[in-house]
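Notes follow the structure.
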Amino acid sequence: MPVDTLRAEIARALHSLGVEDAGEIVLERPRNPDHGDWATNVALQLAKPLRKAPRQIAEELVDLLDVQRAGVSAAEIAGPGFINFRLAAEEVQGRLLEIAEADAAFGRSDAGRGEAVNVEFVSANPTGPLHIGHGRQAALGDAISSLLAWTGWKVQREYYYNDAGEQINRLARSTWARYQQEQGREVDFPEDGYQGDYVTDIARELAAAEGDRWADDDSPEALEAMRRFAVRVLMTELERDLDTFRVEFDEFYLESSLYEEGHVESTISRLRESGLVYEKDGALWLRTTEYGDDKDRVMVKSTGHPTYFLPDVAYHVTKWERGFHRAINVQGADHHGTIARVRAGLRALGHPEGYPEYVLHQMVLVIRGGAEVKFSKRAGDYVTLRELFDEVGVDVARYFFLMRRPEAQLTFDLDLALDQSDKNPVYKVQYAHARMCSIARKGGVELDAVDPASADLSLLERDSEIGLIKEIARFPEVIEEAAAQRAPHSVCAYLESLAGMINSWYHEGNDDPSLRVIGVEDDLMRARMVLVRAIRIVLRNGLAVLGVSAPERMEREQAIETAEAAA
């Protein structure tokens, strides 16, 4: 890569200055692109050991640089001793060869070196359909997993759910009441029951499957049958919705297995050995304040039942024991209070500080016509994920969930989501991809067959073309930084900005036919088709990271092509 070539030449020039080991030579992109493509502060770092003014070192260094070997057209000194570099046009143009050669792998790296990482997300209890908050978490967790996989991590996508406990008991009681009503019995519905129509649907399915077997039966066996059936139905629906939403998990981990396999009891025993466990008011407490928690936490209530905190700690112990020494939990902001206590419990067992890592997201507000869309008929009090993506499509839903920082509240504007113009960000990016495919079709060219090595890339000399190549060549950096920051929204921002540049470049040919891809001299058309191919690769790969499709045709583009053919 050009940056590696430049770094090597700087090291050679420093050696000529008598610097045997300059350490890591940091090259960064200037905040203002007008200042160049790369910048280094190495002269400032060497001022003390060389006992010279930074600017003097910078001047000597620039004099010794072989700009041609470094792949730059200029090296400029700024301020007290910063050096800004501008890449030579041939270096920029040469990136198209790299992009075409890598193709579907362009943007991938081995930064993670195959290290295992567990990404847990969604983890909704099976007590009702997935809501839009789960949808944001599903898109976010899946995109973070994808970014990590693209940068060389061995990723396990994991879903952890509670198949027992009070919420599931409420579901069982709610299903029992609806089932009895289906049998013509008059029973009171639990005050704390789940009110959505989906519970009635479950009761009807149970009645169809087992008839009146449990009529007037309120025994523990009947409630257990309700629990098992309802959980099975809802988990099947949940998995179906996630599959449609293009989210697949490697592991569905049941909370009940923590008890069945002895992990909870083992965790209690090990915590006792830490000397931080004590009894108070008949309950068993852990001194989590030893590790920064704001107060000590109850592990086992006076009733003998564990709190949620205990199985959470036991669950993360299993993650570590399964080889996931890096773990990321994607959860709603309402889980903020659990972070300190879970980490404290794990530290008491000898696990490192900061394990696991958390990515918390804010709630989603759905609006139409400027007003909030408050509820779903089926769910009763919230909008379901399926209803949302059935209306706007999976691509739009995923992209909208990802385009804002997780910590920012997301307003999901249904009117904008359904808009088919550049106002809709995902449509803008997808349309830019479809436009590249359209250019190739009009030129009678198969883009995958375009050979950059046979093209004279020096013909791509316009500022807009050089700027585009620089921007698409930056894609691997965008992916690596987004993975490190757990920030899929930065990929969205990059793609939207790139789509804007593509549109500007394309429209330059509206008034000047010589600036078009098609209808120009063959050598120039061949070179520009190489650029078209590279643009398509980056847009397609970027959308793939987000789990969004890259259509080759779109309704608007088809209308334009039809009109042109008729003319």
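The values are calculated or read from the model by the stated rules, or taken from the named source; none is laboratory data. Keep in mind it's a predicted model, so treat the numbers as computed, not measured. Cβ: placed from backbone, ideal geometry, glycine included. Neighbour counts: every protein chain shown.
Which residue is nearest to the chain's Cα centre (by Cα), if the candidates are limited to the stretch 502-515 and must be free of Cβ contacts under 8 Å to residues at least 12 places away in the same chain and assigned to a helix (DSSP H, G or I)?
The initial filter retains those residues of the stretch 502-515 that are free of Cβ contacts under 8 Å to residues at least 12 places away in the same chain, namely 507, 509-514.
Restricting the remaining residues to those that are assigned to a helix (DSSP H, G or I) gives 507, 513-514.
Working: HIS507: 32, PRO513: 41, SER514: 41 Å.
For the stretch 502-515, the residue satisfying everything is HIS507.
Give me a count of the residues in the stretch 72-86 that are surrounded by fewer than 23 Cβ atoms within 10 Å (Cβ to Cβ) and more than 16 Å from ILE57 (Cβ to Cβ).
3
Please identify the pairs in which a residue from the stretch 56-67 that is in the same structural domain as LEU44 (by TED's automatic domain parsing) has its Cβ atom under 9 Å from the Cβ atom of a residue that is basic (Lys, Arg), counting only partners at least 6 apart or on another chain.
GLU60/LYS52; LEU64/ARG12; LEU65/ARG12; ASP66/ARG12
So HIS316 clears everything in (1) within 21 Å of the chain's Cα centre (by Cα); (2) within 13 Å of GLU120 (Cα to Cα) except one condition, right? Which one?
It fails just one condition, (1).
Please tell me if GLU465 is part of a helix (DSSP H, G or I), without any contact (Cβ under 8 Å) to a residue 60 or more places away in the chain and closer than 13 Å to LEU531 by Cα. Outline the logic, then answer.
Values: part of a helix (DSSP H, G or I): yes; without any contact (Cβ under 8 Å) to a residue 60 or more places away in the chain: no; closer than 13 Å to LEU531 by Cα: yes.
Against the criterion (part of a helix (DSSP H, G or I), without any contact (Cβ under 8 Å) to a residue 60 or more places away in the chain and closer than 13 Å to LEU531 by Cα), GLU465 does not qualify.
Under 8 Å between Cβ atoms, at least 6 apart or on separate chains: pull out the pairs that start in the stretch 1-21 with a residue that is surrounded by 14 or more Cβ atoms within 10 Å (Cβ to Cβ) and end on any residue that is of a type in the set (S, T, N, Q) and not in a helix (DSSP H, G or I).
As it stands, the answer is ILE10/THR40, since those pairs meet every condition given.
Being of a type outside the set (Gly, Ala, Ser), out of contact with any Ser or Thr (no Cβ under 9 Å at 6 or more places or on another chain) and at negative phi, is that true of even one residue in the stretch 307-314? I'd like the intermediate steps shown before the answer.
Step one: filter the stretch 307-314 for residues of a type outside the set (Gly, Ala, Ser), giving 307-313.
Still in the list and also out of contact with any Ser or Thr (no Cβ under 9 Å at 6 or more places or on another chain): 307.
With the extra rule that they be at negative phi, the set shrinks to 307.
Yes, that holds for at least one residue.
If I go through the stretch 114-145 residue by residue, how many of them are in a helix (DSSP H, G or I) and either of a type in the set (Asp, Glu) or without any contact (Cβ under 8 Å) to a residue 24 or more places away in the chain (or both)? Working first, answer last.
Within the stretch 114-145, the first condition is being in a helix (DSSP H, G or I), and the residues that meet it are 132-145.
Remaining after also requiring either of a type in the set (Asp, Glu) or without any contact (Cβ under 8 Å) to a residue 24 or more places away in the chain (or both): 142.
Looking only at that region, the number is 1.
In the set ALA499, ALA544, which member is surrounded by fewer than 17 Cβ atoms within 10 Å (Cβ to Cβ) and under 31 Å from the mean Cα position of the chain (by Cα)?
Numbers: ALA499 fails: surrounded by fewer than 17 Cβ atoms within 10 Å (Cβ to Cβ).
Going through ALA499, ALA544 in turn, just one is surrounded by fewer than 17 Cβ atoms within 10 Å (Cβ to Cβ) and under 31 Å from the mean Cα position of the chain (by Cα): ALA544.
Please determine whether any residue of the stretch 146-159 is farther than 17 Å from LEU546 by Cα, part of a helix (DSSP H, G or I), touching a residue at least 40 places away in the same chain (Cβ under 8 Å) and among the basic types (Lys, Arg).
So far as the stretch 146-159 goes, no, none of its residues is farther than 17 Å from LEU546 by Cα, part of a helix (DSSP H, G or I), touching a residue at least 40 places away in the same chain (Cβ under 8 Å) and among the basic types (Lys, Arg).
Go through the stretch 339-374 residue by residue and tally those that are surrounded by fewer than 16 Cβ atoms within 10 Å (Cβ to Cβ), closer than 22 Å to GLN156 by Cβ and out of contact with any strand residue (DSSP E or B) (no Cβ under 7 Å at 6 or more places or on another chain). Let's see the steps before the verdict.
Start the filter on the stretch 339-374 by keeping residues that are surrounded by fewer than 16 Cβ atoms within 10 Å (Cβ to Cβ), which leaves 350, 352-354, 357, 363, 365, 367-372, 374.
Keeping just the survivors that are closer than 22 Å to GLN156 by Cβ gives 352, 354, 357.
Next, from what is left, pick out any that are out of contact with any strand residue (DSSP E or B) (no Cβ under 7 Å at 6 or more places or on another chain): 352, 354.
So the count comes out to 2.
Can you name the residue in the stretch 108-163 that is out of contact with any strand residue (DSSP E or B) (no Cβ under 6 Å at 6 or more places or on another chain), closer than 17 Å to VAL491 by Cβ and among the charged types (D, E, K, R) and, of all such residues, is surrounded by the most Cβ atoms within 10 Å (Cβ to Cβ)?
ASP142
Within the stretch 182-293, considering only strands (runs of 3 or more DSSP E) that don't extend past its boundaries, which have at least 2 residues that are within 27 Å of ALA314 (Cβ to Cβ) and without any contact (Cβ under 8 Å) to a residue 40 or more places away in the chain? So that I can check it myself, show each step before the final result.
Details: elements: 251-254, 277-280, 283-286.
Ranges flagged: 277-280, 283-286.
What helices (runs of 4 or more DSSP H) lie completely within the stretch 375-450 and have 1 or more residues being touching a strand residue (DSSP E or B) at 6+ places or on another chain (Cβ under 9 Å) and within 22 Å of ASN503 (Cβ to Cβ)? It would help to see each step written out before you state the result.
Details: elements: 385-392, 394-402, 414-418, 425-442.
In the stretch 375-450, 394-402 are the helices (runs of 4 or more DSSP H) which contain 1 or more residues that are touching a strand residue (DSSP E or B) at 6+ places or on another chain (Cβ under 9 Å) and within 22 Å of ASN503 (Cβ to Cβ).
Looking only at residues in the stretch 191-229 that are hydroxyl-bearing (Ser, Thr, Tyr) and farther than 17 Å from ALA164 by Cα, which one is surrounded by the most Cβ atoms within 10 Å (Cβ to Cβ)?
Filtering the stretch 191-229 down to residues hydroxyl-bearing (Ser, Thr, Tyr) leaves 194, 198, 200, 219.
Cutting the leftovers down to farther than 17 Å from ALA164 by Cα gives us 198, 200, 219.
Details: TYR198: 23, THR200: 18, SER219: 9.
This residue is TYR198.
Looking at (1) buried (at least 18 other Cβ atoms within 10 Å of the Cβ); (2) in contact (Cβ under 8 Å) with a residue 12 or more places away in the chain, which is the one condition that is false for ASN169?
(1)
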